[in-house]
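The values are calculated or read from the model by the stated rules, or taken from the named source; none is laboratory data. All values derive from a computational prediction rather than experimental measurement. As a convention, Cβ positions derive from the backbone with ideal geometry for all residues, glycine included, and neighbour counts pool all protein chains shown.
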Amino acid sequence: MNRNVSRGEATRSQLIAVATRMFAANGYEGTSIEAVLQEAGVSRGALYHHFGSKEALFEAVVEDLEAKLGEQTAAAAEGVEGPVALLRAGFLAWIRLAGDPVVRQILLIDALSVLGWERWRALDERPLGLIKVVLQMVADEGGLRPDLVDPFAHVLLASGNELALLVALSEDPEAAMRSGAEAVDELLRRLLG
């Protein structure tokens, strides 16, 4: 039984890895289930055992990518002291990650149209929650009115996502990242002192 579970988990992970590469390279519309099956070397039944549709496979890819980005963003904030510095580190990590072609295609170009606005927005709940926690720290230190924690969290999340899109869609991502970093610094300075 445990061998079957391990084999199933390995197949699922393999499908997600292959689909991630293919969705990143060809986009959602340009990636067929047949191509994923061929590249992964698994049967249609194995794929549909784990994922009921191409959209379900894409959603699993998005969730996997989001988890990895969360880990990378958290790692960027390690050793950072103070809530405003934490926000800055998190936003700069997100802007830097937006320049990655995999993140660009899957999360910033295809995810909204494939998953729909509600599901796409639900993916932002974790980062939104983290921003609220950090802003509550700012409020506890007297740097923000407590009643503004929630609306400021939404403003900062939207700003970060727009900067990520700016980087992802730029013809010069490096320049967009530099100006995005400057904008983050200026925004946080003006909003939170």
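When we screen R104, R96, R88 for residues that are in contact (Cβ under 8 Å) with a residue 12 or more places away in the chain, surrounded by 18 or more Cβ atoms within 10 Å (Cβ to Cβ), farther than 30 Å from E141 by Cβ and not hydrophobic (A, V, I, L, M, F, W, C), the only hit is R104. Checked against (1) more than 16 Å from the chain's Cα centre (by Cα); (2) more than 30 Å from Q136 (Cα to Cα); (3) of a type outside the set (S, T, Y), G82 meets all criteria but (2). With respect to being crowded, with 17+ Cβ neighbours inside 10 Å, assigned to a helix (DSSP H, G or I) and not aromatic (F, W, Y), L112 falls outside the description. Yes or no: V184 surrounded by 14 or more Cβ atoms within 10 Å (Cβ to Cβ), at pLDDT 90 or above and of a type in the set (V, I, T)? So V184 passes the test. Restricting attention to region 104-142, which residues are β-branched (V, I, T) and more than 25 Å from V84 (Cα to Cα)? Matches in region 104-142: I106, I109, V114. G142 meets each of the listed conditions (1) surrounded by fewer than 18 Cβ atoms within 10 Å (Cβ to Cβ); (2) on the phi < 0 side of the Ramachandran plot apart from (2).
Quick check on V134: is it surrounded by 18 or more Cβ atoms within 10 Å (Cβ to Cβ), of a type in the set (A, V, I, L, M, F, W, C), part of a helix (DSSP H, G or I) and free of Cβ contacts under 8 Å to residues at least 24 places away in the same chain? No; evaluated as a whole, the condition is false for this residue. Just one of (1) assigned to a loop (DSSP other than H, G, I, E, B); (2) of a type outside the set (S, T, Y); (3) closer than 21 Å to T11 by Cβ fails for V80. It is (3). Check region 46-60 and report whether any residue there is within 13 Å of the chain's Cα centre (by Cα), among the aliphatic types (A, V, I, L, M) and part of a helix (DSSP H, G or I). Looking through region 46-60, at least one residue is within 13 Å of the chain's Cα centre (by Cα), among the aliphatic types (A, V, I, L, M) and part of a helix (DSSP H, G or I). What residue, among those in region 1-45 that are polar (S, T, N, Q), surrounded by 12 or more Cβ atoms within 10 Å (Cβ to Cβ) and modelled with pLDDT of 90 or more, is nearest to D100 (Cα to Cα)? The selected residue is T20. Could you please let me know if E118 is within 12 Å of A153 (Cα to Cα), among the acidic types (D, E) and out of contact with any Gly (no Cβ under 9 Å at 6 or more places or on another chain)? No; evaluated as a whole, the condition is false for this residue. Note on region 115-131: among residues that are out of contact with any Asp or Glu (no Cβ under 7 Å at 6 or more places or on another chain) and outside any helix (DSSP H, G or I), the one that is farthest from P151 (Cα to Cα) is G116.
Remark: pairs (first residue in region 170-193, closer than 16 Å to D100 by Cβ; second residue of a type in the set (K, R) and part of a helix (DSSP H, G or I); Cβ separation under 8 Å; 6+ apart in sequence or on different chains) = M177/R96. Out of the residues in region 157-175 meeting the condition of being touching a helix residue (DSSP H, G or I) at 6+ places or on another chain (Cβ under 9 Å) and under 14 Å from W120 (Cβ atoms), tell me which one is surrounded by the most Cβ atoms within 10 Å (Cβ to Cβ). Checked region 157-175; the qualifying residue surrounded by the most Cβ atoms within 10 Å (Cβ to Cβ) is A164.
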